Amino acid sequence: MPKKPMKLDTSIHAEANRQMTICNACRYCEGLCAVFPAMTRRRTFSDGDLEYLANLCHSCGACYYACQYVPPHEFAVNVPQIFAQLRSESYYRSAWPRTFAPLFQRNGLIIALAATVAIALFIGGFVAMHDPDALFAVHTGPGAFYRLMPHETMVALFGGVFLFAVVAIVISVRTFWRTSGGGTIGLSDLLIAGQATATLRYLDGQRGGCMNEDEQPTDRRRFYHHCTFYGFLLCFASTSLATVLHNLLGWHAPYAWYNPVVLLGVLGGSGLLIGPAGLLRAKQRRDPQVVSSDTRGMEVAFLAMLLLTSASGLLLLVLRATPAMGILLALHLGIVFALFLTFPYGKFVHGFYRYAALIRFARESKLPVAGTAD
Amino acid sequence: MTDSDIFNQPYDILIAGGGNAALCAAITAARAGASVLVVEAAPKAMRGGNSRHTRNMRVAHDAGNDILTGPYPVDEYWDDLLRVTGGQTDEQLARLTLDRSKELWDWHQQQGVRFQPSLSGTLSLGRTNAFFLGGGKALLNALYLTAAALGVQVIYEAKVTDLNITEGVFHSAQVQKEGEVFPITAASFVAAAGGFEANIEWLSEYWGEAAQNFLIRGTPYNRGEVLRLLLNKQVQAIGDPKQCHAVAIDGRAPKFDGGIVTRLDCVPFGIVVNKHAERFYDEGEDFWPKRYAIWGRLVAMQPEQVAYAIIDARSVDLFMPSVYPPEQANTIEELAKKFTLDPQRLRTTVEAFNAACRPGTFDHTVHDECHTEGATPPKSHWARPIITPPFYGYPLRPGITFTYLGVKIDAEARIIMHDNKPSPNMFAAGEIMAGNVLGKGYLAGIGMTIGSIFGRIAGQGAAQAKHRPE
């Protein structure tokens, strides 16, 4: 596979600028989502404006199927596709530390490598810490997991990698906010943007759903995205609750099936099975015209990792009292570790960039529209 | 199913054309139990005629609703129509169109079409016109999906090349697809294939050489071939063949299919000169849409069908963003050179205009008192001296939207023959018959209304006609 240039690809910005100029003279799409009303608040588009608009785009495809200027028309407008390219460009431009920015371009490969290495290290670590037999022994009761890896080690490893991901993402999104021309944020902007994020308001094409394989709107992508997003949050809540139980109450994992930690985990894990699987299927069936082939690896890798996280976690739950527990624990922890490590350099960041763009949209919604002389 | 499989089936109704009117007819006929074949000249990606470029539909309503502020009573609609047509309308058909336009909002929604709340005020039509969510192509997508679900067959890149008509009765048609000709027999025929504005040779019959310089705003597939066939087969014509709806658009627009983005709305903010750098009409006469609709014809009558709108830095942000950037210069002479105008003459024209501007409060939202005194032609409103650099200019060309010549029909959308009798099984809908209602002028969104109303009537009539003994 040819390597892509590791610098700012201004031709993407120039092409997005050309297309937005056409859209701004047309405006037929202004009712479809937030991108087009945001566009109408300006007459010209800086690189930062374009990256803001690109991250406001939910890639629902409605504008592509509604547009009278899509290819073969000579104006060749294809907003979902150019914005998909521009989004990944904006992640790349804002990545922290800068050295890691190129990871975006090979994210699929990096994730696969990271996961493999992490899993191998966990298995190897377990073996190194104990005799190989302990890996395949049956461990039950509170603290069973920690017989393979001490709790402190787990906290240090996962707390460390989690903290790194948080810091890297916060710095990146702040860079994006500033370079794209953000500004001061009000509480109401955060709330309005939060609501739009939580409900995927702009993926519903004004209550008709989004377009996936053709001009027939469906609501499937939104449903699977909700499963994924809320599944992830529930799993996160489960882990957080377990941390509280462990440290404050001294209750050690594994927990009984009726413990809220397990219930949240099972519910979230189910969402993380259904959601990513559905999104992968939708992606497979997607009209190739509306997507960017450049970002496909990153998207598929992220979904696959989420799917593997939930599958290995649920399998661990079912088989935790069997000799398979040791290997499954290593597998699960390895996948989660790799997932966390690669968070700042893959598709995961899209949520934060989109939320930032929605905040700016809420903030700008008070501004006048350009060119309404009549 | 292959093309020849589709062609080899029997159909109750053959519909020529694939725009809003054709689909309204197809859906209505299919719902009435008829089998329908739609023959569309364009490929799928470009289907839908000029409906692809439309955005809204003018509908009467007694009270506001989700998308329209209201009310817009039929009487007011009628007054609006009389004003733009100067009375050149078939009152019976026009009244029918306006009365029944009230049904369209519900009917289109039942076919899956969605409307959007009136938004930014790009056009001040929030009271009178229902806006399609996503525009005309989104409307077409919804209609095509519904038609397909009802079993309507659609064949693209296919043209009706001949019609077998005897004594006003349709028997069969020849349809050409990829060089092959297929005979299609159907119990009735609906002509919904648009006008002839994309047929420059035909336009030249009335406009001479000037037609070569026209830009066609809409689909390149409206070549009037079905209209020509009908007019050659004892069908009565209606409408002035010389009339076409022309607006002044950006002279750099594509020859065909430029659509809405080629609109230029800068005329009232400056002056417009011809290739001799001379003004020729009152740029401040009126607001959009009246001003918009007259300038195409004005430019068409200038030498080489070209004109240039000149504004200064104070005005450049006051109108809708344009698709092509304006030419820009720090002096009038420099700007003139960019358009190959005589710099001295443009300077003289601008200075004469500037000297004639009377001081006043500029307000582009009303008919303000900024006007000229002593200038020929005068500028009635929004006249401000062009003095603040940089100066900007846009080239203008006539952009043809549609033609008025069509086929005469009755209130059942039946085509009227030379003997004044309606055909029992030939119907027309859309631009091909819009001249019955719209003898001249234009009312934003009424084209879609006429197409929808007569499409539905034609579909109903064609479905019933198949049961009539012949």
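The values are calculated or read from the model by the stated rules, or taken from the named source; none is laboratory data. Since the structure is predicted, the reported quantities are computational estimates derived from the model, not experimental observations. Here Cβ is always computed from backbone atoms with ideal geometry, including for glycine, and neighbour counts include all displayed protein chains. With ligands, DNA and RNA removed, areas are computed over all heavy atoms of the protein, side chains included. Shrake-Rupley method; radii C 1.70, N 1.55, O 1.52, S 1.80 Å.
Computed values, structure above
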| item | result |
| --- | --- |
| Solvent-accessible area, 1.4 Å probe, carbon plus sulfur percent, for the protein assembly as shown | 59 |
| Residue-averaged [θ]222 nm for the protein assembly as shown, counting only DSSP H segments that reach four residues, each worth -39500 (n - 2.57) | -14000 deg cm²/dmol |
| Counting DSSP beta bridges with both ends in segment B:161-313, the antiparallel % (nearest 5) | 95 |
| Members of segment A:69-114 that become less accessible by 50 Å² or more once partner protein chains are added (1.4 angstrom probe, chain alone as reference) | A:Y69, A:H73, A:F75 |
| Cβ charges +1 (Lys, Arg) and -1 (Asp, Glu), total dipole of segment B:267-405, debye | 300 |
| Kirkwood Rh and Cα Rg combined as Rg/Rh, the protein assembly as shown | 1.06 |
| Shape call, segment B:85-159: gyration tensor on alpha carbons, a/c limit 1.5 | oblate |
| Check: chain B dipole with +1 on Lys, Arg Cβ and -1 on Asp, Glu Cβ, in debye | 420 |
| Debye log10 I(q)/I(0) for segment A:124-261, one point scatterer per Cα, at q = 0.09, 0.16, 0.22 Å⁻¹ | -0.52, -1.06, -1.34 |
| For the protein assembly as shown, share of DSSP beta bridges that run antiparallel, in % to the nearest 5 | 75 |
| For B:K379, residues with placed amide H under 5 Å, excluding near neighbours | B:T372 |
| Dipole moment magnitude, nearest 20 debye, chain A about Cα centre, only Lys, Arg, Asp, Glu C-beta charged | 360 |
| Surface accessible to a 1.4 Å probe, per residue, for the residues of segment A:1-117, Å² | 35 |
| Threshold 40 Å² - residues in segment B:140-163 whose accessible area is reduced by that much or more when the chain is no longer isolated, probe 1.4 Å | B:N141, B:L145 |
| Per residue accessible area in Å² of segment B:271-428, where ligands, DNA and RNA are left out and the probe is 1.4 Å | 40 |
| Under 16 Å from B:K338, Cα to Cα: lysines that are on another chain or at least 8 residues apart | B:K275 |
| For segment A:17-59, residues shielded by at least 20 square angstrom of accessible area compared with the chain on its own, probe 1.4 Å | A:T21, A:I22, A:N24, A:A25, A:C26, A:R27, A:Y28, A:E30, A:G31, A:L32, A:R43 |
| Environment charge of B:M426, counting only residues whose C-beta is closer than 12 Å and scoring Lys/Arg +1, Asp/Glu -1 | +1 |
| Rounded tilt (10° steps) of A:260-285 against the dominant C-alpha axis of chain A | 40 |
| Rounded tilt (10° steps) of B:136-149 against the dominant C-alpha axis of chain B | 10 |
| Cα-based helix-to-principal-axis angle, B:20-31 vs chain B, degrees rounded to 10 | 20 |
| Accessible surface buried upon A-B contact (total; probe 1.4 Å; Å², nearest 100) | 3300 |
| Total formal charge among the other residues, if their Cβ is under 14 angstrom from that of A:A304, Lys/Arg +1 and Asp/Glu -1 | +3 |
| Within-12-Å neighbourhood charge of B:E327 [Cβ basis; K, R +1; D, E -1] | +1 |
| 10 Å Cβ shell holding at most 11 others, DSSP loop, trypsin sites (Lys or Arg not before Pro): longest site-free stretch of chain A | A:8-206 |
| Relative contact order for segment A:52-171, counting Cα pairs under 8 Å that sit 6 or more residues apart, in percent | 18 |
| Antiparallel DSSP beta bridges within chain B, as percent of all bridges there, nearest 5 | 75 |
| Mean accessible surface per residue for segment B:152-209, computed with a 1.4 Å probe while every protein chain stays in place, in Å² | 42 |
